[in-house]
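Report on one structure; see the data block that follows.
The values are calculated or read from the model by the stated rules, or taken from the named source; none is laboratory data. Every value quoted in this text rests on a predicted model; they were computed, and no experiment measured them. Cβ placement follows ideal geometry from the backbone for every residue including glycine, while neighbour counts extend to all protein chains displayed. To get the accessible areas, we keep the full protein, side chains included, count just its heavy atoms, and leave off ligands, DNA and RNA. Shrake-Rupley method; radii C 1.70, N 1.55, O 1.52, S 1.80 Å.
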Amino acid sequence: KSKEKSGTYHHFFRSEMNDRNLENIILENALYKALEKEELVIYYQPQIDSRTKEMIGAEALLRWNHPTEGMISPIHFIPIAEETGLIVPIGKWVLANACKQLKQWHMRGYSNMTVSVNLSGRQFEEDDLISMVKSILVETDIAPEFLHIELTENQIFKNTEVTLEKMRELKRLGVKIALDDFGTGYSSLGYLKNFPIDTLKIDRSFMLDIVKDKDNAAITDTIITLSRNLGLNVIAEGVETEEQLAFLRAKQCSIMQGYYFSKPIEAGELAKKYLNHL
Ligand code: C2E
Ligand code: MG
Ligand code: MG
Ligand code: MG
């Protein structure tokens, strides 16, 4: 408000909209260069089999190692990458590098490990998405079933028909598909019948106080049962405590992911913690 009284430039940069646009242009420019300057890094978070406590796979989570700002979370730059379309080359880079990393793990004897990669709905608008995925699988020599694609319901509903068709093509390829942040979207349960998916990932907001909060407990319990009855796999996200772990095991949730086991970490660190002799 005080800005409006002083200076004359306020006519040009008055609305929040313009401020935001300017900020976005600066960020967009830096992000564009980040890919060239190799400032993007992939962290991996283990996915744990709740019965054996072994790591069965890892989710690839993007980070921007900015020279002055430090490590920037994807929640701050993915939305801009989606708006500008930069998510297309960035997403391709993530997929290629996650598959390359997975090949390393397979070659070192961890031949059943999977890698989960988050895809933006924006990437499903690209005509060459399927051929891009195919060629990365061929180049890295990864069998399709070891690649798991994560997509949120809300991403699917931005462009339902186009996205659904591409999801079906990915399934035909043999790639697995997980519905991320499940339970937080605006869609009805009926769509689960028609969606070509393999896994539901229970959103981590439902893990909060799961032992005391009857509602969160009921929702989590219901999603686990729903998955079982539909023949889908289920992963609990955001598992932070022993209590949550006990609850989920009692409900027979098969896979877990969260700070209780590990935060997302660099591939080298993950190998040291979880893979012997690497
Ligand atoms: P997501 O796919 O739902 O990933 C899970 C997020 O929860 C990650 O945040 C992870 O660090 C965090 N998390 C995991 N365990 C715990 C826990 O126990 N407690 C808490 N409080 N948080 C936990 P992150 O890495 O900041 O990623 C945020 C979101 O950014 C992701 O949510 C995903 O939607 C998006 N994202 C990340 N990498 C990519 C990417 O390569 N492409 C696209 N399109 N989106 C990405
Ligand atoms: Mg995810
Ligand atoms: Mg999630
Ligand atoms: Mg999320």
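What are the residues in the stretch 95-126 that are among the β-branched types (Val, Ile, Thr) and either more than 16 Å from ligand 3 (Cβ to nearest atom) or surrounded by fewer than 22 Cβ atoms within 10 Å (Cβ to Cβ) (or both), if any?
Passing the criteria: only 114.
Scanning the stretch 186-203 for residues that are farther than 16 Å from residue 220 by Cβ and either touching a strand residue (DSSP E or B) at 6+ places or on another chain (Cβ under 9 Å) or at pLDDT 95 or above (or both) gives 192, 195, 196, 197, 198. Among the candidates 134, 158, 100, the residue that is in contact with a Leu (Cβ under 8 Å, 6 or more places away or on another chain) and not hydrophobic (A, V, I, L, M, F, W, C) is uniquely 134.
Here 241, 220 are screened, and the one residue that is free of Cβ contacts under 8 Å to residues at least 24 places away in the same chain, more than 30 Å from residue 141 (Cβ to Cβ) and within 15 Å of ligand 1 (Cβ to nearest atom) is 241. When you check residue 53 against the structure, is it touching a residue at least 12 places away in the same chain (Cβ under 8 Å), closer than 27 Å to residue 259 by Cα and away from ligand 2 (no atom under 16 Å from the Cβ), yes or no? In short, no. One residue alone among 137, 62 is in a helix (DSSP H, G or I) and either over 19 Å from the mean Cα position of the chain (by Cα) or crowded, with 18+ Cβ neighbours inside 10 Å (or both), and that residue is 137. Among residues of the stretch 141-153 that are open to solvent by 40 Å² or more (accessible area, probe 1.4 Å), those with a beta-carbon under 8 Å from a residue that is in a strand (DSSP E or B) and within 11 Å of ligand 1 (Cβ to nearest atom) at least six positions away or on a different chain give the pairs 148/116; 148/117; 148/178. When the residues of the stretch 158-196 are filtered to those that are among the β-branched types (Val, Ile, Thr) and part of a loop (DSSP other than H, G, I, E, B), the one that is farthest from residue 99 (Cα to Cα) is 184.
Here residue 181 meets the list (1) more than 18 Å from the chain's Cα centre (by Cα); (2) acidic (Asp, Glu); (3) crowded, with 17+ Cβ neighbours inside 10 Å almost entirely, failing just condition (1). One residue stands out in the stretch 200-221 among those that are out of contact with any helix residue (DSSP H, G or I) (no Cβ under 8 Å at 6 or more places or on another chain) and closer than 30 Å to residue 174 by Cβ: the one that is least open to solvent (accessible area, probe 1.4 Å), namely 201. In the stretch 161-197, what residues are small (Gly, Ala, Ser) and closer than 14 Å to residue 233 by Cα? Hit for the stretch 161-197 is 178, nothing else.
Which of the residues that make up the stretch 140-157 are within 16 Å of ligand 2 (Cβ to nearest atom) and either modelled with pLDDT of 95 or more or not in a helix (DSSP H, G or I) (or both)? 147, 148, 149, 150, 151, 152, listed by residue number. Here is the figure for the stretch 182-196: residues that are within 15 Å of ligand 1 (Cβ to nearest atom) and without any contact (Cβ under 8 Å) to a residue 40 or more places away in the chain total 2. For residues in the stretch 164-185 being among the β-branched types (Val, Ile, Thr) and modelled with pLDDT of 95 or more, which is farthest from ligand 2 (Cβ to nearest atom)? The qualifying residue farthest from ligand 2 (Cβ to nearest atom) is 175.
Is it the case that some residue within the stretch 240-254 is within 16 Å of ligand 3 (Cβ to nearest atom) and within 21 Å of residue 112 (Cβ to Cβ)? Scanning the stretch 240-254 turns up at least one residue that is within 16 Å of ligand 3 (Cβ to nearest atom) and within 21 Å of residue 112 (Cβ to Cβ). Evaluation of residue 48 against the conditions (1) assigned to a strand (DSSP E or B); (2) near ligand 1 (Cβ under 10 Å from one of its atoms); (3) of a type in the set (A, V, I, L, M) shows that the sole unmet condition is (2).
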